[in-house]
1. Which of the residues belonging to the stretch 86-103 are within 22 Å of residue 33 (Cα to Cα) and crowded, with 17+ Cβ neighbours inside 10 Å?
2. Pull up the stretch 2-36, narrow it to residues that are at positive phi and not in a strand (DSSP E or B), then point me to the one that is farthest from the chain's Cα centre (by Cα).
3. Please count how many residues of the stretch 141-164 are in contact with a helix residue (DSSP H, G or I) (Cβ under 7 Å, 6 or more places away or on another chain) and not in a helix (DSSP H, G or I).
4. Got at least one residue in the stretch 157-180 being within 25 Å of residue 41 (Cα to Cα), under 17 Å from the mean Cα position of the chain (by Cα) and surrounded by fewer than 18 Cβ atoms within 10 Å (Cβ to Cβ)?
5. Contact list please: Cβ distance under 9 Å, first residue in the stretch 67-84 and touching a residue at least 60 places away in the same chain (Cβ under 8 Å) and on the phi > 0 side of the Ramachandran plot, second residue buried (at least 17 other Cβ atoms within 10 Å of the Cβ) and not in a helix (DSSP H, G or I), pairs at least six apart or on different chains.
6. Given the options 98, 104, name the one that is at pLDDT 95 or above and in contact with a helix residue (DSSP H, G or I) (Cβ under 6 Å, 6 or more places away or on another chain).
7. Go through (1) closer than 13 Å to residue 160 by Cβ; (2) under 18 Å from the mean Cα position of the chain (by Cα); (3) assigned to a helix (DSSP H, G or I) one by one and return the number of the condition residue 49 breaks.
């Protein structure tokens, strides 16, 4: 198996006024290409801090982090920005779409930073939207879409650069149950196509869509277990 993520004893401290907060104490985790992993934990467990470090939005205080063969632990802000654009597709709870831009333009945005010409950007963005079932919504704006459709646009944007990993931070947090199951079924399909997916969630039922569940507590890995029976979105819809 090819390792995409390898963290070795990473820690993270924050200065909060006169107090030093130890968000992560010592985290060593490997994620292989094609895995589907959920990070779980209560508030203050360190899961969001770990997600930020894995997403190259922050750097560890100590320890090492190797992403797709590159040690990113001590990279500069500019180097981390380049890694984020090339290697990582982000899906956020709040969608983070530009309200005045069309779906096509929202999805094409990462390709601008990557230096693609306009015709190639539009072609790849259209294909990404088609892959999430929104070929008929390319010229709509976010306020013309349902919550589930907006999250699909965000997923298409995450996929458009063919990243090494998809990082999903509470991807169903703003969605109703039925729409959540639909989005989780889409993640299942993306995983079946070979995508590496890492999801942060505090919801146990959502975590069980993943094939591996890592539970954090007090800045440490509490458990790291394989999920022998991942939930399928379609089965949950039928149950309803």
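1. Answer for the stretch 86-103, where residues must be within 22 Å of residue 33 (Cα to Cα) and crowded, with 17+ Cβ neighbours inside 10 Å: 87, 88, 89, 90, 91, 92.
2. If we take residues in the stretch 2-36 being at positive phi and not in a strand (DSSP E or B), then 17 is farthest from the chain's Cα centre (by Cα).
3. Number satisfying all stated conditions: 5.
4. Yes, the stretch 157-180 has at least one match.
5. These pairs meet every condition: 68/4; 68/5; 68/164; 68/165.
6. Exactly one of 98, 104 is at pLDDT 95 or above and in contact with a helix residue (DSSP H, G or I) (Cβ under 6 Å, 6 or more places away or on another chain), namely 104.
7. Only one criterion is unmet by residue 49, namely (1).
The values are calculated or read from the model by the stated rules, or taken from the named source; none is laboratory data. The structure presented is a predicted model; accordingly, all values stated were derived computationally and were not measured. Positions of Cβ are generated from backbone atoms using ideal geometry, with glycine treated the same way; all protein chains shown enter the neighbour counts.
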